[in-house]
Each structure stands twice: as structure tokens, then as C-alpha cells.
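Taking it in order: structure first as C-alpha cells, then the write-up.
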Amino acid sequence: MDIVLTLVSAPDKARLEPSLLGGITAALSRAGAKVAAPDWLDPGFACDLGFTGLAPVSAQNIALAMLGGDAVDCYAQASAGRKKQLLLCDMDATIVTAETLDDLSVFATNKAEIDALTQKSVKGEINFSESLVARVALLAGLTETEFAAAYDKVEVSPGAEILIRTLRRDGCYTALVSGGFRYFTRRVASRVGFDIDISNDFEFEDGKTTGRLIPPIVDPDGEFGKLGRLRHLTRELNLAPGQTAAIGDGSNDIPMLSAASLGCGYRGKAKVKATIGCQLNYADLTGLLFYMGYRRAEFVQ
């Protein structure tokens, strides 16, 4: 079978019952597909349905309609080349559960203004780079003590460490790429196990932030941003475009997600859901491993 539909349940309950899979198989067959028996990646939680005779997007839409809003993610793609050799990950609200700038803004006198700019940026309502410069200016005067207090609140998203450990075991190069700040990315990358982190640097003077960034700015589609780093690392590692993957949640991730062979939205904002076909709305980050064809028994815990 040259195409595969992967279904992944939210981790709290095994939702992939035989009756559900039977209904999806029957619906695909009515649309003209020849469908193989379920190949279980994790019994009850994740499986592949190989098929031919139907476009991937059509099969995915049929499955979504059959799921009817149940807490199951699905994605259809070519069967060949699912495992990747390069993964770029957004940090805030993807690899970690919240926006680190929100945690940092607690110590600023203009928190409400900063948080509003952050939300407008991730939703794509304002230009990312302009928003970032404006937010950083409002953080002038913060000390490293306050940065440390903000980092203490950071929580890693479920499945992040298993995702990165498993991919690195198999030779995949992993990069944490963020429009946020190196103070956080450096620590999160070490904690989760990434090969490299790429982000913005605050300018400090006399132990306090000046309200300025040290160029270049990591923006959505510039040379030193997420899209630029995807292209750079693909060349540097001598990889084919089909060997790349990326995951993120915000509109500033869309250029990177669109360019990667496997670009996946994770709890994506509205623009990400409207633009990117691959989504994880219910599964944790190990769902990306299932989309790549890994079995639960292959995960590095």
C-alpha cells in the first residue's frame, strides 16, 4: 500500500476500537480505496491503515468526518520515507507548555501590554519581528534573578523527551528553534536532549536587560529564522527535503511547517489549523513518532 492513514488517540483512553476502525475502513472503501487491515503501532492508541486508490487529503477528511470530534488525531501521507533525519521544533506552547515570555512578563510593569502583543503575534494578527522588538523594549531593566524565577515555572510538554530521545537514537538531528530567548532555549534544549538550540539574545548591561536584542533576530522566514534554519541545516547535513520534519503551534511557525516534508501543528492556533494539514490536537508529542511510523515498543523512555 503506497499511502497510509495514521490514527492516534489522546493518551488518557484507548479510543481506537474495532467498530471505529471498521467504520473508517468502510467509508474509505465506499470512496474507492482498497484498504489493508489495521497495523497496530500501539494497540488501542495508534494504528496505520494502509490504502491505495484515494488521495491522502480525501482519506484524511473522510476519517475526520467519521471521528466526529472524538479525541483522535489522524494524518494521511505516502508510506515511503516517513522517518526523518532532521526535526526542528518550536519551543513555546510546543516543547514547553506555556509562553516563556508570559512567565517573564510577570516581572515587568507593562505585563498586560506585553501579553497582548504575544497573543496577537502567535495568532498572526501583527508582524512577528515588530512585535518581538516592542515586547523586548518593555522588558528593559529585568535581572538574571528574574529570568531564573521565570525559568522555574517552565514545564516540558508530555512526550517531548521521548520524541527527542527516540529520534536521536536513530540518527535524526534535532533543533529547538524559537523566536523566544536563548536564556530559556539553552536550558530547555539541555533538559530535553536537543542537539542544538537557536533563538534570540537579550542585550545586558550591568546585569540588567537594555530592552534591545542582539542581532540577528530569529523571525519566521528570514535567513536566521525558523525557515532559514530549516534550509540551512538541510544543506549542512546534506539531506534531501523529504528527510525533514518540523512542529509548532503559532502562525510564525507556518513558513517552517509548510517547507518541511512533515510539518505538524501541535495544539495549533487557528491559522495553523487552517493552513497545515498535519495536526496533533489530542495526542501528546509522541504522536509525531506514530506519524513517522514508529511503534510504541521502539520508543526510548
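The values are calculated or read from the model by the stated rules, or taken from the named source; none is laboratory data. All values reported here derive from a predicted model rather than from experimental measurement. A quick note on method: Cβ atoms are made from the backbone with ideal geometry, for glycine too, and the neighbour counts reach across all protein chains shown. Accessible surface is based on the protein model in full, side chains and every heavy atom, while ligands, DNA and RNA are left aside. Shrake-Rupley method; radii C 1.70, N 1.55, O 1.52, S 1.80 Å.
Once the range 133-154 is narrowed to residues that are outside any helix (DSSP H, G or I) and without any contact (Cβ under 8 Å) to a residue 60 or more places away in the chain, the residue that is surrounded by the most Cβ atoms within 10 Å (Cβ to Cβ) is VAL154. If you go through the range 80-107 and keep only what is over 12 Å from the mean Cα position of the chain (by Cα), open to solvent by 40 Å² or more (accessible area, probe 1.4 Å), modelled with pLDDT of 95 or more and not aliphatic (A, V, I, L, M), you end up with GLY81, LYS83, GLN85.
Going through GLU125, GLU130 one at a time, which residue ends up being open to solvent by 30 Å² or more (accessible area, probe 1.4 Å) and part of a loop (DSSP other than H, G, I, E, B)?
Numbers: GLU130 fails: part of a loop (DSSP other than H, G, I, E, B).
Exactly one residue qualifies, and that residue is GLU125.
Within the range 1-18, identify whether any single residue is farther than 20 Å from ALA297 by Cα, at pLDDT below 95 and among the aliphatic types (A, V, I, L, M), and answer yes or no. Yes, the conditions are met somewhere in the range 1-18. Restricting attention to the range 197-225 and to residues that are farther than 24 Å from LYS153 by Cβ and under 18 Å from the mean Cα position of the chain (by Cα), the residue that is least open to solvent (accessible area, probe 1.4 Å) turns out to be GLY225. Figure legend. Inter-residue proximity from the range 94-109: first residues of a type in the set (D, E, K, R), second residues open to solvent by 40 Å² or more (accessible area, probe 1.4 Å), beta-carbon distance below 7 Å, spacing 6+ or different chains. Indicated pairs: ASP103/LYS153.
Do we find that LEU176 is out of contact with any Phe, Trp or Tyr (no Cβ under 9 Å at 6 or more places or on another chain), under 22 Å from SER131 (Cβ atoms) and crowded, with 24+ Cβ neighbours inside 10 Å in this structure?
Working: out of contact with any Phe, Trp or Tyr (no Cβ under 9 Å at 6 or more places or on another chain): no; under 22 Å from SER131 (Cβ atoms): yes; crowded, with 24+ Cβ neighbours inside 10 Å: yes.
No, not satisfied.
Filtering the range 68-110 to residues that are assigned to a strand (DSSP E or B), out of contact with any Cys (no Cβ under 9 Å at 6 or more places or on another chain) and within 21 Å of THR174 (Cβ to Cβ) leaves LEU88, CYS89, ASP92, VAL96.
With of a type in the set (D, E, K, R), more than 19 Å from the chain's Cα centre (by Cα) and open to solvent by 50 Å² or more (accessible area, probe 1.4 Å) as the only criterion, which of ASP42, ASP70, ASP48 stands out? Please lay out each step first, then the result.
Working: ASP42 fails: open to solvent by 50 Å² or more (accessible area, probe 1.4 Å); ASP48 fails: open to solvent by 50 Å² or more (accessible area, probe 1.4 Å).
Going through ASP42, ASP70, ASP48 in turn, just one is of a type in the set (D, E, K, R), more than 19 Å from the chain's Cα centre (by Cα) and open to solvent by 50 Å² or more (accessible area, probe 1.4 Å): ASP70.
Has the range 242-263 got at least one residue that is hydrophobic (A, V, I, L, M, F, W, C), open to solvent by 50 Å² or more (accessible area, probe 1.4 Å) and touching a strand residue (DSSP E or B) at 6+ places or on another chain (Cβ under 7 Å)? Scanning the range 242-263 turns up no residue that is hydrophobic (A, V, I, L, M, F, W, C), open to solvent by 50 Å² or more (accessible area, probe 1.4 Å) and touching a strand residue (DSSP E or B) at 6+ places or on another chain (Cβ under 7 Å). Evaluated against (1) farther than 20 Å from LYS84 by Cα; (2) in contact with a strand residue (DSSP E or B) (Cβ under 8 Å, 6 or more places away or on another chain); (3) modelled with pLDDT under 95, ARG191 falls short on exactly one condition, (3). Taking the range 168-198 as the range and being in a strand (DSSP E or B) and not hydroxyl-bearing (Ser, Thr, Tyr) as the test, the residues that pass are ALA175, LEU176, VAL177, GLY179, GLY180, PHE181, ILE196, ASP197, ILE198. The set of residues in the range 1-34 that are without any contact (Cβ under 8 Å) to a residue 40 or more places away in the chain and open to solvent by less than 30 Å² (accessible area, probe 1.4 Å) comprises LEU21, ALA27, LEU28, ALA33.
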